[in-house]
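Here the structure comes first, spelled out in C-alpha cells, and everything after it is commentary.
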Amino acid sequence: MAQDNSSRVTEFILLGLSDRRELQLLFFTLFFLAYAMVLLGNLLIIVTVRTDPKLSSPMYFLLCNLSFIDICYTSVTAPRVLVALLSGHKAIAFEGCMAQLFFLHFVGSSEMFLLTVMAFDRYTAICRPLHYRAIMARGACWALVTACWAGGFIHSTVQTVLMLQLPFCGPNTIHSYFCDVPPIVHLACTDTALTEWLMASNSGLISLGCFLVLVASYVLILAKVRARVSQGNWKALSTCASHVMAVTLLFMPCIFTYLRPAGTLPTSKYVCVIYTIFSPMMNPLIYTLRSSEVKESMWRLWKR
C-alpha cells in the first residue's frame with residue numbers, strides 16, 4: 001500500500017472472530033462441521049427431489065432451488081474462513097474482497113426473493129387450492145426462480161458499484177471474517193454519509209420488504225386455516241411453521257445489520273454468523289424434519 005493520498009488499498013486484513021489460537025481452533029471445528037452439514041444436507045435434498053417423481057410439486061421444486069442457493073451462499077464465505085482459521089493468513093486482495101461482497105449479496109438477496117416466492121406458493125396452495133396448479137405451473141415456477149436470480153443480480157450490482165466508487169487509502173483492517181458493506185464502507189477516505197444511506201436503503205429495504213410480505217402471507221394463511229380446520233390444512237400449516245423458522249433465522253439478523261447507516265451502531269460479527277452459516281445449516285434440518293414426504297423419499301433412496 002503506497003503512502004501518498006492518491007494510492008489505493010491493494011488488500012484488506014480480515015481480523016476474523018478472535019486472535020486467540022485456541023478459540024480459532026474451536027471456531028474452525030464449528031465452521032467445518034456447519035459447512036459439511038450445509039453441503040451434505042442440501043445435496044441430499046437436491047438428489048432426493050430430483051430422483052423421486054413423487055416430489056414433483058412446485059413446493060419441492062422451490063425447495064430444491066433453495067438448497068442449491070444455500071450451498072452457493074455458504075460457499076462464498078466458509079471456505080476462506082476455514083483456510084484463514086487454519087493457516088492464520090488474514091489478507092484478502094481488494095479485487096477478491098469486492099468479488100466476495102458481490103457474490104454474497106447476489107446469492108443472499110436471491111435467497112430472500114426465493115423464500116418470498118415459497119411463501120406465495122404456500123398461500124396459493126392453502127387459500128386458492130382450486131387454482132393452485134394453474135397459478136404455480138412449471139413454467140411459472142421457472143419464471144419466478146429466474147426473477148429471483150435477476151433481482152439478486154441487480155441488487156448486488158448496485159451495492160458493488162457503490163463500493164467501487166469509494167476511495168480506499170487506509171486503514172485496511174476489517175473487523176469481520178468476510179467482506180461486507182458495513183465493516184468496509186467506513187474505511188473509505190471520504191464522507192460516506194450519502195453512500196451509507198443508499199446502501200441501507202438498498203439492502204435494508206429489500207430485507208424488510210421481503211420479511212413483511214412473508215409475515216403478511218403467513219397471517220393470511222393462519223386466518224384461512226382457522227376458518228377451515230382440516231387435516232390437510234393443518235399439514236400445510238406445519239409446513240408454513242418450518243418456513244417461519246427458516247426466514248426468522250435469515251431475515252432478523254439481516255434487518256439488524258443492513259437497515260441502518262454503517263456508523264450508527266456497531267455491527268457484531270457474531271450476528272453475521274447466524275445468516276451466513278447457521279441459517280443455511282438449519283434449512284435442511286427444518287425442511288426435512290417437517291416433511292414426511294421428503295423423509296420417506298430419502299428412506300427409499302437409501303434402500304435403493
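The values are calculated or read from the model by the stated rules, or taken from the named source; none is laboratory data. Owing to the predicted nature of the structure, the values given are computational and were not obtained by experimental measurement. Heads up, the Cβs are rebuilt from the backbone with ideal geometry, glycines too, and the neighbour counts pull from every protein chain shown. All accessible areas refer to the heavy atoms of the entire protein, side chains included, with ligands and DNA or RNA removed. Shrake-Rupley method; radii C 1.70, N 1.55, O 1.52, S 1.80 Å.
Brief remarks follow.
- Filter result for the condition that a residue is open to solvent by 60 Å² or more (accessible area, probe 1.4 Å) and under 19 Å from the mean Cα position of the chain (by Cα), over TRP142, TRP149: TRP149
- Test: residue in region 218-234 that is modelled with pLDDT of 85 or more, crowded, with 19+ Cβ neighbours inside 10 Å and in a helix (DSSP H, G or I): no
- Residue identified as over 12 Å from SER109 (Cβ atoms) and either modelled with pLDDT under 85 or touching a Cys at 6+ places or on another chain (Cβ under 8 Å) (or both) among LEU187, LEU198, LEU212, LEU208: LEU198
- Scan of region 156-174 for residues that are open to solvent by 30 Å² or more (accessible area, probe 1.4 Å) and without any contact (Cβ under 8 Å) to a residue 60 or more places away in the chain, ordered by number: THR157, VAL158, VAL161, LEU162, GLN165, PRO171
- Among the conditions (1) part of a helix (DSSP H, G or I); (2) modelled with pLDDT under 85, GLY152 misses just one, which is (2).
- Unique match (being within 30 Å of ASP191 (Cβ to Cβ) and of a type outside the set (D, E, K, R)) among VAL107, VAL161: VAL161
- Looking only at region 86-113, residues that are open to solvent by 30 Å² or more (accessible area, probe 1.4 Å) and of a type outside the set (Gly, Ala, Ser) come to 8 in all.
- Among the residues making up region 34-62, those that are hydrophobic (A, V, I, L, M, F, W, C) and closer than 13 Å to MET136 by Cβ are MET59, PHE61, LEU62.
Rundown of residues vs (1) free of Cβ contacts under 8 Å to residues at least 24 places away in the same chain; (2) open to solvent by 40 Å² or more (accessible area, probe 1.4 Å); (3) outside any strand (DSSP E or B), yes/no style:
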site: ARG8; (1), (2), (3): no, yes, yes
site: ASP19; (1), (2), (3): yes, yes, yes
site: GLN24; (1), (2), (3): no, no, yes
site: PHE31; (1), (2), (3): no, no, yes
site: MET37; (1), (2), (3): no, yes, yes
site: ASN42; (1), (2), (3): no, no, yes
site: VAL47; (1), (2), (3): no, yes, yes
site: TYR60; (1), (2), (3): no, no, yes
site: SER67; (1), (2), (3): no, no, yes
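- Each residue in region 16-63 was checked for being modelled with pLDDT of 90 or more and either small (Gly, Ala, Ser) or in contact with a Lys or Arg (Cβ under 7 Å, 6 or more places away or on another chain) (or both), and 2 of them qualify.
- Selected residue (criterion: farthest from ILE69 (Cα to Cα)) from residues of region 114-136 that are without any contact (Cβ under 8 Å) to a residue 24 or more places away in the chain and either open to solvent by 30 Å² or more (accessible area, probe 1.4 Å) or outside any helix (DSSP H, G or I) (or both): LEU130
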